[in-house]
Amino acid sequence: MRKTLILSLLGVAILTVGCQDKKKKVSVDCPKEDKIVEVIKKFSPDADITIEKVQQLDNLNLCEVQFRLGIRPAIFYVNEDLSLLFPSVIDRATGENLAMKSINERNKIIPQKILKKFDDYVTFTEGKGDKFVYFITDANCEECKKAYETLKSWADKNNVKIKIIIRPMDQHPNSYRIAAAVLCDKKSFNDLLNNYDSKNTCEEGIKKLNDTLKFIDEKMLMFNMNNPIIISEKGKFLTKPEITEQDLKWLME
């Protein structure tokens, strides 16, 4: 149920509003950001919420709220006292869905304000360079290993640092256990790639993994994105299982 509510906030049109007479001036006092966040938390209490813009919708008695649930761009339209909320508005003159237009324009890049939060969950760093990418991966993941081989070769040639975030996924057998053993035994990323498994666990390692899972899946709302995920320092990202050097070149442009 909660994921359904989240998806409705991400722009599913459940109500349309026609345009008013553009000759008639309308003035609206848009609600404060903290009040808006309180409303969003009723729908998505666990997600990280970032308000990007609050502005009056073109000569209407509604305010447009551009925000993010985790990395996902979202939008809704509200009246002054937040008693009404519309996930979508259709421009009657053009038939254009204004919500989806905004979301599509903002869906290509993760803003820096959000991106820097990923640093707290980096476990390993490979390579050197002024530029960097985040590589979200886990153990016992063949697609991740292949992607890393391509990424590492390209990064070494282009002086790009790789910041590695370990995110165990259920579809990869023993992924969590292997990751815990690597962390608790203070092993390297290469050990994780080779599925090191002493079956050792420790409180610190378990906390690191659980905090990372909560951040990626719940706070950033990336629960339906499979590993590997590569994010550039500019906020562009790749989620495809097979990557090429051309993909990586695009990522850094």
key: Partners for K234 among aspartates and glutamates (Cα-Cα distance below 20 Å; same-chain residues under 8 apart left out)   = D48, E52, E105, D119, D120, E126, D130, D156, E245, D247, E253
inquiry  = Please compare each pair in K117/K157; K157/K208; K163/K187; K108/K152; K186/K208; K163/K199 to a cut-off of 20 Å on the Cα-Cα distance and tell me which ones are over it.
reply    = K117/K157; K157/K208; K108/K152; K163/K199
ask   = Computed on alpha carbon atoms, what radius of gyration and Dmax characterise the stretch 176-221, expressed in Å?
value = 11.1, 32
task = Would you be so kind as to identify which of I49, S153, V26 lies farthest towards the positive end of the dipole of the chain, taking Lys and Arg as +1 and Asp and Glu as -1 on Cβ and the Cα centre as origin?
result = V26
query = Given the alpha-carbon gyration tensor of the stretch 150-193, what are the semi-axes of its equivalent ellipsoid in whole angstrom, ordered largest first, with each equal to the square root of 5 times an eigenvalue?
reply = 24, 13, 8
ask   = What Kirkwood hydrodynamic radius, in Å, does the stretch 121-168 give when the mean of 1/r is taken over all pairs of distinct Cα atoms and then inverted?
value = 10.8 Å
query = Hey, any idea what Rg/Rh is for the stretch 196-253, computing Rh the Kirkwood way over Cα pairs?
reply = 1.10
request  = Using a 1.4 angstrom probe on the protein heavy atoms only, line up V37, V78 by accessible area, largest first.
outcome  = V37, V78
Normalised contact order of the chain, rounded percent, pairs of Cα under 8 Å and 6 or more residues apart = 18 percent
message = Are there any trypsin sites (Lys or Arg not before Pro) in the stretch 155-253 that are in a DSSP loop and have at most 11 other Cβ atoms within 10 Å? List them by number.
response = K186, K199
ask   = What is the dipole size for the chain, taken about its Cα centre, with +1 at each Lys and Arg Cβ and -1 at each Asp and Glu Cβ, in debye to the nearest 20?
value = 340 debye
note = One can check that the equivalent ellipsoid of the stretch 60-135, built from the alpha-carbon gyration tensor with semi-axes equal to the square roots of five times its eigenvalues, has lengths in Å, largest first, of 36, 15, 8
request  = Please state, rounded to one decimal and in Å, the Kirkwood hydrodynamic radius that the stretch 136-253 gives when every pair of distinct Cα atoms enters the mean of 1/r.
outcome  = 14.8 Å
query = What ranking of Y121, Y176 comes out by heavy-atom accessible area, probe 1.4 Å, highest first?
reply = Y176, Y121
ask   = If you work out volume of the Cα convex hull per residue in Å³ from the coordinates, which of [x] 113; [y] 169; [z] 146 do you get?
value = [z]
query = To the nearest 10 Å², what's S153's accessible area with a 1.4 Å probe?
reply = 60 Å²
query = Which residue, chosen from N104, T125, L115, occupies the Cα position most advanced towards the positive end of the dipole of the stretch 103-142, where the dipole is computed from +1 (Lys, Arg) and -1 (Asp, Glu) charges on Cβ about the Cα centre?
reply = N104
inquiry  = Angle check, please: helix 33-43 long axis (alpha carbons) against the longest principal axis of the chain (alpha carbons), in degrees 0 to 90, nearest 10.
reply    = 70 degrees
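The values are calculated or read from the model by the stated rules, or taken from the named source; none is laboratory data. Everything numeric in this text was worked out from a predicted model, so none of it was measured. Using ideal geometry, Cβ is built from the backbone for each residue, glycine included, and neighbour counts are taken over all protein chains shown. Note: areas computed on protein heavy atoms with side chains; ligands, DNA, RNA excluded. Shrake-Rupley method; radii C 1.70, N 1.55, O 1.52, S 1.80 Å.
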